[in-house]
Structure formats: structure tokens, C-alpha cells
1. Counting only residues that are more than 30 Å from A10 (Cα to Cα) and either hydrophobic (A, V, I, L, M, F, W, C) or modelled with pLDDT under 80 (or both), give me the helices (runs of 4 or more DSSP H) lying completely in segment 233-325 with at least 2 of them.
2. When segment 200-220 is examined, which residues are found to be closer than 10 Å to A235 by Cβ and of a type in the set (V, I, T)?
3. So A193 passes all but one of these: (1) among the small types (G, A, S); (2) in a loop (DSSP other than H, G, I, E, B); (3) surrounded by 14 or more Cβ atoms within 10 Å (Cβ to Cβ). Which condition number does it fail?
4. Consider only pairs whose beta carbons are under 9 Å apart and that are at least six residues apart or on different chains; among these, list those whose first residue lies in segment 116-145 and is in contact (Cβ under 8 Å) with a residue 40 or more places away in the chain and under 9 Å from T201 (Cβ atoms) and whose second residue is of a type in the set (D, E, K, R) and not in a helix (DSSP H, G or I).
5. Considering each residue of segment 37-58, count those that are modelled with pLDDT of 75 or more and either at positive phi or crowded, with 17+ Cβ neighbours inside 10 Å (or both), and give that number.
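The values are calculated or read from the model by the stated rules, or taken from the named source; none is laboratory data. Bear in mind the structure is a predicted one, so any value in this text is a computation, not a measurement. Virtual Cβ from ideal backbone geometry, glycine too; neighbours counted across all protein chains shown.
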Amino acid sequence: MLRYVLRRLAQGVLVLWGAVTLSFAILHLVPGDPVRIMLGGGQGGGDAANVSEEQIEQLRSQLGLDRPVLVQYADFVTSALRGDFGISYSTGRPVSEEIAQALPVTLQLGVAAIVASVLLAFVFALLGVLLPSRWLRSAFQSSTVIGVAMPSFWVAIILLQVFSFRLRLFPAFGAEDWRSIVLPALTMALLTAGTLAQVLTRGLNEALTEPYADTARAKGLSEAVVVVKHALRNASLPVFTMVGMLVGGILAGATIVETIYSRPGIGLLFVEAVRAQNFPMIQALVILSGGLFVVVTLVVDLTYPAIDPRVVHASRRARPQVVAA
């Protein structure tokens, strides 16, 4: 078990180091002079033509771009470990302060969306294998494809039209109270619930053909008890794997959803940073996304042994034994 945990921790550290390195490379791989781009000109000129060379060099020194690349990289990694990502060029505030203000809004949305998507997936998957009519089971299993195919902006528009503008049940914009999180979370949940439901349904169908399911039926247990008590636990492991993989999709979806619903979270902050060509903020958000992905994936990996202890045993390599003569 300890070896399993240490291996997952090492993998998480490696991924996080890759996110930090990628974030550092963004500033150096962008076409043109990043300093002139931040000052509003970019390759097309623009407002940078009205900026003096003294201001350009001042910003270059502020970003540390006047030093050797290896020195810049070492300082960037050290600052990232301290949580210091510099000053936001758009607002003049520390980047960490702006992220700390926006992060809770996105975390609330992400947690609500993941919980809702998992619940919807379990409901649709269980109905898809437990309904008495074969036609109804096929209908529920086929309906999950709709959730996968629908674009998030279209789902958001439909939900706003129905539940906000017509029925006036939930607010259309902002992040004031719990009611304002319902529609954004549901928008993101519908997009991921279909995928999770398909994976869970496939796992349930495979588990119900295993010998232990036949043994449970032979003992006189109903099909519902066989599914919930025996098959569901084994079939849910791929779902937890998918939840860890979908975290990146949740963060990407938050960019669109928070923009549509005007929620002051990380997604909206990222859109504004890209629009303003605010590289310190973009770099910090790339690292944050990688860090959140590592944490969630690590939590999911560490819950595997509780769901199925065979995961730990399968990771152990058989060692040759020396037989005494």
C-alpha cells in the first residue's frame, strides 16, 4: 500500500513540474516580444507604438526577462513554490490575491457540477439496467448520447430561457447565493453525466454476467439487490477514474460557463487575462489548473483501494522465490 501511495505521489509531482515548466515556456514561445504584446501592441503595433522604450525596459525588468533563461526558470520555479506569481499587469494587484478571490467561486461550481454529474450518471445507469421494459432500458441508455453531443453554450442558453427568463426560478447572472449556482452546475453536469453514465452502464452489464452475480441470483436475491449490492461496487471503479480525467474538462468548461453566467471565477479570470494579454495571470492559471488536476487525480487514485483492494495487489510485481536445496 505504501509503495502504491508513493508511486502516485511521484507521478503527481512530475505532472505538476510539467505544468510549471509549460507555464514558464508560455512567455518565451509566444510570437513576438511579450513585453510589447502586454503593453497593447503585439505584432500589430497598436498602443505599444505610444509607449516609450524606458517603459518597455521597465516592464521587461519587472518580469525578469532581461536575465539569462536558466536564471529566469530557477526564479520562476522558486516563486511558484512560494505561491508568488508576480503582479497582474491589468489591475496592478498581486496575481495570487486575484486568484484567491476567484478560486472559491470556481471550486463551488466544480464541486457542484461533479456531484450532480455523478448522481445523474448513477440514476441513468441504474434505470438503464433495472427498468422492467427492455424498450425503456434502451431509451435511457441511448439518451446519454444526447448529453455528450450537446455543446455547453447551447445548454446554457436553453436553461437560461426556460428556468431564468420564463419561469424565473433561478438568477441568470452573478454568484450571490446557492440559487445562482444551480444553472451553471447543471450546464456542466449534463455534459459529463452522459459519458459517466455510458461507462457505468457498460460496467454494470459486464458485472452482471460474472459468476458472483449468478451466485447471488441463485440465492434468491432480486435483480435490484444484485445490481446495487454486488455489481455496482465493481462497476463504479471506472467512473471514479473518469471523474479524475474529467477535472480538466470541468476547468475548461468553467471558462465558457462562467463567461455566459457572469460568475467571477477562475474561468472568467482566464478569459480576461487572455483578452488583456496578461501573461503573469495566464502563467499562474496554467499552474493552478495543473495543480488541481494533480490533487483530484491523487485523491481518486487513493480511493481505489477502498473500492477494490485488488488494485493494490495487481500493482505488485511477482518476485521470484529462491528455493533452498
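1. Numbers: elements: 237-261, 266-276, 279-307, 310-315.
Filter on segment 233-325 gives 237-261, 266-276.
2. T201
3. Going through (1) among the small types (G, A, S); (2) in a loop (DSSP other than H, G, I, E, B); (3) surrounded by 14 or more Cβ atoms within 10 Å (Cβ to Cβ) one by one, A193 breaks only (2).
4. As it stands, the answer is none, since no pair meets every condition given.
5. 1
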